[in-house]
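First the structure, in the form of structure tokens, and then the observations on it.
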Amino acid sequence: MLKRVVFKSIKNRKNRILVAVLAVVMGASMISILLNISLDLNGKMAKELRAFGANLVILPDENRETNWQLISMDEVNELNNSNISANIYGFAPYIYSVGKIKEQNVVIVGGNYENIKKISPWWKVEGSWNDDSSSESTIMIGAKVAAQLGYRIGDDVVLNIRKESYKKQTEVKDSNQTQVDATTSASQNANGDASKRWPLNILSGIDNGEYEPKKFRLVGIVSTGGSEDNQVFIKLNEAQKLFNRESQVNLIQVSVLTNKNPIDKVASQIEKQIPGTRARVLSQISKAEGNIQGKILFLMILVTILTLVGSGLSVMSTMTTTVLERRKEVGMMKAIGAENKKIAEIFYLEASAIGLAGGAIGYILGFLMAQVIGKSVFNTFISFHVTVIPITLIITVLLVLISSKIPVGQAIKIDPVVTLRGE
């Protein structure tokens, strides 16, 4: 009996019911978008935020007495260990030395450029990158070095490389008494004094020792707005041979995914996996990433709440109008003995039907909109989460029931005598 009354009521008031359903659809779609994206947010944002660059650097431990405080390539390869690799987006080992080009002192950086491209996507390179697989001796130089010395792509560059062995890592000054931190990167320059966080300096005795000339072909000019603009870059394996440090590096920059484990925990795992090293977290970058994720989630929640409030007010308005239109019908039901409870059930069943219909349609629209957002922002689709369906439906039905409470309260207070007399 109740179902028939409810169905007839919905059928006779299709336009008003449609307005209420559309209001619920808006709220439900926002819930669906919020839940679908937030469940994928950590993983996808973690990868997107890797554009900030490395958020952790691995250095030899200060008490390490062997290999002049260098890290072996065997230790570098430990980062591919299954216990650690799941938390790592990418890593790049570096080796540093000093040299001269046209009698100008320069910092020489040896690196793996396929890895650097992955963890340092902000680097702008005019020309091409060093090809790690090529046997040709190529070089990339910083934009400031190129401008000062007048080099262009394709020129031959004679790099005089210091043959002197490495000394223990310490903070020193070059011949111009200017403190230099060879490991500073553009991302760290933007976030404070990196030399306080990366205490590696290999530029002692820059004017001492013998220099050996080596010719390279210039393939790229690097521009980052940071210390890289004053450095020159050669391939890692070639640098290791020229520096007489084969299979060794000074440090490893690591880009850690923070969606699975906190970065401090990953740092501890690395130190256990590679004894004799220190995994330093670049805290300013990590905090910036966390703040961005938190602000995005807060904004999405705020928009969803505001949309739900609007949907609730719209449903309340529709239900109030429905009660006013059905005053005589309610009065008649009361006159023939209908209890307030039964009358309330009729209105709540209508509200539940509106909530279920709007919730189902809203979920579908929200899921489709989440795919559009995922593809445009993260360049990937949002995963399907079955738990979002019941959560969306439950929230929308509760929203409609709560919004209907005042109108239903008005309905059960209707005086059948007054109503039937037309007053």
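Computed from the coordinates by the stated procedures, all read-outs in this text should not be read as laboratory data. Since the structure is predicted, the reported quantities are computational estimates derived from the model, not experimental observations. Every residue, glycine among them, receives a Cβ derived from its backbone with ideal geometry; neighbour counts consider all protein chains shown.
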Residue 247-residue 328 pseudo-label distance in nm [points 7 Å out on the Cα-to-Cβ vector]: 9.7 nm
Using θ = phi - 60° and the Karplus form 6.51 cos²θ - 1.76 cosθ + 1.60, what ³J(HN,Hα) does each residue of region 138-148 get, whole Hz, x for Gly and Pro? 10, 9, 10, 10, x, 4, 5, 5, 4, 5, 5
Calculated FRET efficiency, residue 406 and residue 14, Cβ-Cβ r, R0 25 Å, to nearest 0.05? 0.60
From the cross-link list 272/295; 100/124; 144/235; 117/375; 117/265; 14/341, the entries with a Cα-Cα span beyond 28 Å are 272/295
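Over region 210-320, consider all pairs of different Cα atoms and compute the Kirkwood hydrodynamic radius from their mean reciprocal separation; express it in Å, one decimal.
Values: mean 1/r = 0.0501 Å⁻¹.
Over region 210-320, the inverse of the mean reciprocal pair distance is 19.9 Å.
When the chain is fully extended, how far beyond the present Cα-Cα distance does residue 133 get from residue 73, taking 0.36 nm per residue of separation? Provide the component values of the computation, followed by the final result.
On the way: separation 60, 0.36 × 60 = 21.60 nm, distance 1.71 nm.
Extending this stretch completely gives an extra 19.9 nm.
Can you tell me the length gained on complete extension of the stretch residue 301 to residue 148, counting 0.36 nm per residue apart and subtracting the Cα distance? Let's see the in-between values first.
Details: separation 153, 0.36 × 153 = 55.08 nm, distance 5.18 nm.
Length gained between residue 301 and residue 148: 49.9 nm.
What's the FRET efficiency of residue 122 with residue 317 using the Cβ-Cβ distance as r and R₀ = 51 Å, to the nearest 0.05? Show your work: numbers first, answer last.
Values: r = 51 Å, r/R0 = 1.00.
That pair, residue 122 with residue 317, gives E of 0.50.
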Scalar couplings 3J(HN,Hα) for region 267-282 by Karplus 6.51 cos²θ - 1.76 cosθ + 1.60 (θ = phi - 60°), nearest whole Hz, x for Gly and Pro, are 4, 5, 4, 5, 5, 6, 6, 10, x, x, 10, 10, 9, 8, 7, 7
Virtual paramagnetic centre 7 Å along Cα→Cβ of residue 292, amide N under 15 Å, in region 338-380: 377-379
Would you please put 147-160, 227-240 in order of how densely packed they are, using the mean number of other Cβ atoms within 10 angstrom per residue and starting with the highest? 227-240, 147-160
If I take the Cα coordinates of region 274-393 and project them onto the principal axes, what are the three extents in Å, biggest first? 88, 26, 25
